[in-house]
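The values are calculated or read from the model by the stated rules, or taken from the named source; none is laboratory data. Values in this document were obtained by computation on a predicted structure and should not be read as measured data. Cβ: placed from backbone, ideal geometry, glycine included. Neighbour counts: every protein chain shown. These area figures cover heavy atoms from the full protein model, side chains too; ligands, DNA and RNA do not enter into them. Shrake-Rupley method; radii C 1.70, N 1.55, O 1.52, S 1.80 Å.
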Amino acid sequence: MRQIGGVVFDSLALARDNGEVSGSLAVAQMPRLAEYAPAPGGELNCSLRGGRGEDGRLCLWLTLSGQLRLTCQRCLQALELPLQLESRLLLVPAGAAWPDEELVDDSADAIAASAEQSLASLVEEEILLALPLAPRHESCALPVVDGADGRPPSPFAALVRGK
Ligand SMILES: [Zn+2]
């Protein structure tokens, strides 16, 4: 599948021309996800389609599917997070009034239009909005962390602490 991590496009032009970009995107190309993992990984199928919403405004429709590899915020082990996301992005041209909160229906996120929109950073932004605050396994244990003396954790540390 076509790698589209490096794609840069004019977002208003894509919407006006009913354009489409689709392909495969490496999660490693989204540096802001590093907040969730030292080395975020995984591969996403991505499709971005331009057009007009029912109200005639220029929009982009983004569909993402795939697997994110992050770090569990509780046990600090690898966490595979399936991702399935569809969103409508309402383009706000430079100088245009930002839509009022009440006027933007829940099905759309308003984003600033850009003549040099990076696909990877747009996708990254949508993933960051969709991710839970602290992604973690449904059930896992806290890692046993030893005290400040730097010794390796003892298997009895949890028992001792329980005293
Ligand atoms: Zn965990």
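Taking amide H atoms as placed 1.01 Å from N in the peptide plane, list the residues 5 or more away in sequence, or in a different chain, whose amide H sits under 5 Å from that of ARG74. The list, which skips near neighbours in sequence, is HIS137.
Ranked highest first by the average count of other Cβ atoms within 10 Å around their residues, in what order do 27-33, 81-87 fall? Could the numbers behind the result be given before it?
Values: 27-33: 17.6, 81-87: 13.9.
Final packing ranking: 27-33, 81-87.
The 3J(HN,Hα) values that the Karplus relation (6.51, -1.76, 1.60; θ = phi - 60°) gives for the range 55-60 are, in residue order, 7, x, 7, 6, 9, 10 Hz. Gly and Pro appear as x.
Per-residue 3J(HN,Hα) values for the range 121-127, derived from phi via the Karplus relation 6.51 cos²θ - 1.76 cosθ + 1.60 with θ = phi - 60°, read 6, 5, 5, 4, 4, 5, 5 Hz in sequence order (x marks Gly and Pro). Surface exposure of the range 8-161, expressed per residue as accessible area with a 1.4 Å probe, stands at 59 Å².
Among 134-143, 120-129, the peptide with the highest mean count of other Cβ atoms within 10 Å heads the list, and the full ranking is 120-129, 134-143. Overall, the accessible surface of the range 8-161 at a probe of 1.4 angstrom is composed of carbon and sulfur to the extent of 53 percent. With contacts taken as Cα pairs under 8 Å at a separation of at least 6 residues, the range 8-161 carries a relative contact order of 23 percent.
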